[in-house]
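Below is one structure, written out as structure tokens; comments come after it.
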Amino acid sequence: MGNELNHLAIIMDGNGRWAERQNKNRSFGHEEGAKKVREITQYCATLGIKYLTLYAFSTENWKRPKSEVDFLMQLLAKFLKKEEKTLVKNDIRFEVIGDISKFSSTLQNAIDNLKKKTAHCKGLTQILAINYGSRNEILRAVNQAIKNAKELDEDAFSSFLDTHGFADVDLLIRTGGDKRLSNFLLWQSAYAELFFTKTLWPDFSTGELETIISEYKSTSRRFGAL
Ligand code: IPE
Ligand code: IPE
Ligand code: MG
């Protein structure tokens, strides 16, 4: 048995390096990364995990060359168009976090459409973090909250975050070898268990995820108590 796993969050890093190592274009790595999203999501659905948040594009990723940003936007559009069938078939609800007002109206419509088409699904909730930055999210929440001009407790503050209604992060995994959070779910991961693996995202596997989860399950989570 061990710890329950309600919310798994993944920083899917290493697509570019994965492609460069094979003398391929970085965009090839992103394409493979998108396929991996599908595989890992379906696997998580079979495990009975309730929320899976995937960091796909950060508020800082706009600093990349325009050609790479454009490619990632196209890939996102393709992904949104293609996923509906598989998600519905596997009873997976689609959600997003991040400031999507910065995306084209076509992309925003595609996002809303997929959310609507999967709103009835009761299994896993797949949450794509796009144009997501934790500081940006917290600031937007604060600016909303001060309009209400009331003192807040933790639950009330959480209700202003993009993640309202989702459980706190239990387990956070970063692939790609770096040990940093890169502005991901800072509030929500206050008591998450952190796992860093050198595996590049396109090489990540259900087997490695299973190993990490079994280590997570046997960890003593104390939340400050004894
Ligand atoms: C993660 O892979 C995906 C995005 C940030 C969009 P990277 O593109 O950061 O790949 P590396 O870290 O350069 O290898
Ligand atoms: C984090 O990866 C963001 C995503 C995976 C979407 P980055 O490659 O952008 O992070 P840094 O720049 O190495 O911190
Ligand atoms: Mg990276």
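The values are calculated or read from the model by the stated rules, or taken from the named source; none is laboratory data. Computed from a predicted model, the values in this text were never measured in an experiment. Here the Cβ positions follow ideal geometry from the backbone for every residue, glycine too, while neighbour counts run over all protein chains shown.
Restricting region 10-50 to residues that are among the basic types (Lys, Arg) and part of a helix (DSSP H, G or I), the residue that is nearest to ligand 3 (Cβ to nearest atom) is 17.
Looking for something farther than 16 Å from residue 13 by Cβ and modelled with pLDDT of 95 or more - is there at least one such residue anywhere in region 176-187? Taking every residue of region 176-187 in turn, at least one turns out to be farther than 16 Å from residue 13 by Cβ and modelled with pLDDT of 95 or more. The combined condition, being on the phi < 0 side of the Ramachandran plot and either in contact (Cβ under 8 Å) with a residue 12 or more places away in the chain or touching a Pro at 6+ places or on another chain (Cβ under 7 Å) (or both), is not fulfilled by residue 208. Note on region 121-169: among residues that are touching a strand residue (DSSP E or B) at 6+ places or on another chain (Cβ under 7 Å) and among the hydroxyl-bearing types (Ser, Thr, Tyr), the one that is nearest to residue 108 (Cα to Cα) is 132.
Counting only residues that are farther than 20 Å from residue 215 by Cβ and away from ligand 1 (no atom under 12 Å from the Cβ), which one in region 186-203 is farthest from the chain's Cα centre (by Cα)? This residue is 190. Does region 138-148 contain any residue that is β-branched (Val, Ile, Thr), exposed (fewer than 12 other Cβ atoms within 10 Å of the Cβ) and free of Cβ contacts under 8 Å to residues at least 60 places away in the same chain? Taking every residue of region 138-148 in turn, at least one turns out to be β-branched (Val, Ile, Thr), exposed (fewer than 12 other Cβ atoms within 10 Å of the Cβ) and free of Cβ contacts under 8 Å to residues at least 60 places away in the same chain.
Condition check for residue 95 on (1) among the charged types (D, E, K, R); (2) in a helix (DSSP H, G or I); (3) surrounded by 14 or more Cβ atoms within 10 Å (Cβ to Cβ): one failure, at (2). Within region 152-183, being within 16 Å of ligand 1 (Cβ to nearest atom), farther than 22 Å from residue 219 by Cα and polar (S, T, N, Q) holds for 182, 183. From the set of residues in region 1-38 that are farther than 14 Å from residue 204 by Cβ and of a type in the set (S, T, N, Q), which is nearest to ligand 2 (Cβ to nearest atom)? For region 1-38, the residue satisfying everything is 27. Remark: pairs (first residue in region 185-199, in contact (Cβ under 8 Å) with a residue 24 or more places away in the chain and closer than 15 Å to residue 159 by Cα; second residue surrounded by 13 or more Cβ atoms within 10 Å (Cβ to Cβ) and of a type in the set (Phe, Trp, Tyr); Cβ separation under 9 Å; 6+ apart in sequence or on different chains) = 185/55; 185/132; 187/157; 188/166. Checking 48, 2, 98, 14 one by one, the residue that is in contact with a Leu (Cβ under 7 Å, 6 or more places away or on another chain) and at positive phi is 14 and no other.
I'm trying to understand the selection: among the residues of region 101-123, which are part of a helix (DSSP H, G or I) and within 16 Å of ligand 1 (Cβ to nearest atom)? If you could, list the steps in order and put the result at the bottom.
Looking only at region 101-123, we keep the residues that are part of a helix (DSSP H, G or I), and these are 101-102, 105-118.
Matches in region 101-123: 102, 107.
Starting from residues that are in contact with a helix residue (DSSP H, G or I) (Cβ under 9 Å, 6 or more places away or on another chain) and of a type in the set (S, T, N, Q), keep the ones in region 58-73 and report whichever is surrounded by the fewest Cβ atoms within 10 Å (Cβ to Cβ). Residue satisfying both the conditions and the ranking: 67. Just to check your reading of the model, which residue among 47, 80 is more than 23 Å from residue 167 (Cβ to Cβ) and surrounded by 13 or more Cβ atoms within 10 Å (Cβ to Cβ)? 80 is the lone residue from the list that is more than 23 Å from residue 167 (Cβ to Cβ) and surrounded by 13 or more Cβ atoms within 10 Å (Cβ to Cβ). Before we move on, is residue 175 of a type in the set (Ser, Thr, Tyr), without any contact (Cβ under 8 Å) to a residue 40 or more places away in the chain, within 16 Å of ligand 2 (Cβ to nearest atom) and closer than 25 Å to residue 36 by Cβ? Against the criterion (of a type in the set (Ser, Thr, Tyr), without any contact (Cβ under 8 Å) to a residue 40 or more places away in the chain, within 16 Å of ligand 2 (Cβ to nearest atom) and closer than 25 Å to residue 36 by Cβ), residue 175 does not qualify.
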